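Notes follow the structure.
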Amino acid sequence: GTRGGGSVAIDERSGMRAVSGLIDLGGYAIKGSARVTGEPFRRVRIGLPSSIRLTALDGGSADAVDLRTDLPADARLDGGGALVFAFAGRLVVTGDASGAFTGRIAITADYD
């Protein structure tokens with residue numbers, strides 16, 4: 001039969017995943033961490049893109065969507081001028097694409 005694709009959602013805090021329409025082979029789908037730096041204790045707003053196109057070596061593709069962070073609404077850099085946070089999202093695979101998907105996530109930091 002033809003595979004119709006599916007999605008994997010990852011919780012940014014716990015790393016738990018919810019799989020729909022795909023076989024869960026373990027591992028992580030869309031989960032990572034980032035570090036921003038600047039003036040100590042400065043307020044910062046972090047922005048993530050609404051979606052990212054990921055590609056596999058065989059030419060297949062998938063989309064990372066619904067990206068979110070574990071940051072509080074009033075995020076600040078620490079006394080050393082750094083802020084480390086986790087992010088996660090949902091991986092949407094269309095058709096019969098498979099493999100290890102890679103891509104770049106453009107994270108923005110706006111300082112107050």
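What to note about this one:
- Applying the criterion of being buried (at least 16 other Cβ atoms within 10 Å of the Cβ) and of a type in the set (A, V, I, L, M) to the residues of the stretch 76-85, the residue that is farthest from Glu39 (Cα to Cα) is Leu83.
- Members of the stretch 71-92 found to be touching a residue at least 40 places away in the same chain (Cβ under 8 Å), in a loop (DSSP other than H, G, I, E, B) and more than 15 Å from Ala109 (Cβ to Cβ), listed by number: Gly80
- Residues of the stretch 31-41 that are of a type outside the set (Val, Ile, Thr), in a strand (DSSP E or B) and open to solvent by less than 80 Å² (accessible area, probe 1.4 Å): Gly32, Ala34.
- Tally of residues being more than 12 Å from the chain's Cα centre (by Cα) and open to solvent by 60 Å² or more (accessible area, probe 1.4 Å) across the stretch 42-63: 7
- Selected residue (only one of Ile46, Ile52, Ile105 is in contact (Cβ under 8 Å) with a residue 60 or more places away in the chain and part of a strand (DSSP E or B)): Ile46
- Evaluating Asp96 against the criteria (1) open to solvent by less than 60 Å² (accessible area, probe 1.4 Å); (2) assigned to a loop (DSSP other than H, G, I, E, B) leaves one unmet condition, (1).
- Test for Leu67: is it of a type in the set (A, V, I, L, M), under 21 Å from Lys31 (Cβ atoms) and more than 12 Å from the chain's Cα centre (by Cα): no
- Comparison of Thr108, Thr94, Thr69 shows that the only residue that is of a type outside the set (Phe, Trp, Tyr) and modelled with pLDDT under 80 is Thr94.
The values are calculated or read from the model by the stated rules, or taken from the named source; none is laboratory data. Computed from a predicted model, the values in this text were never measured in an experiment. With ideal geometry, Cβ positions are generated from the backbone for all residues, glycine too; neighbour counts draw on all protein chains shown. Heads up: the accessible areas ignore ligands, DNA and RNA and are worked out on the full protein's heavy atoms, side chains in. Shrake-Rupley method; radii C 1.70, N 1.55, O 1.52, S 1.80 Å.
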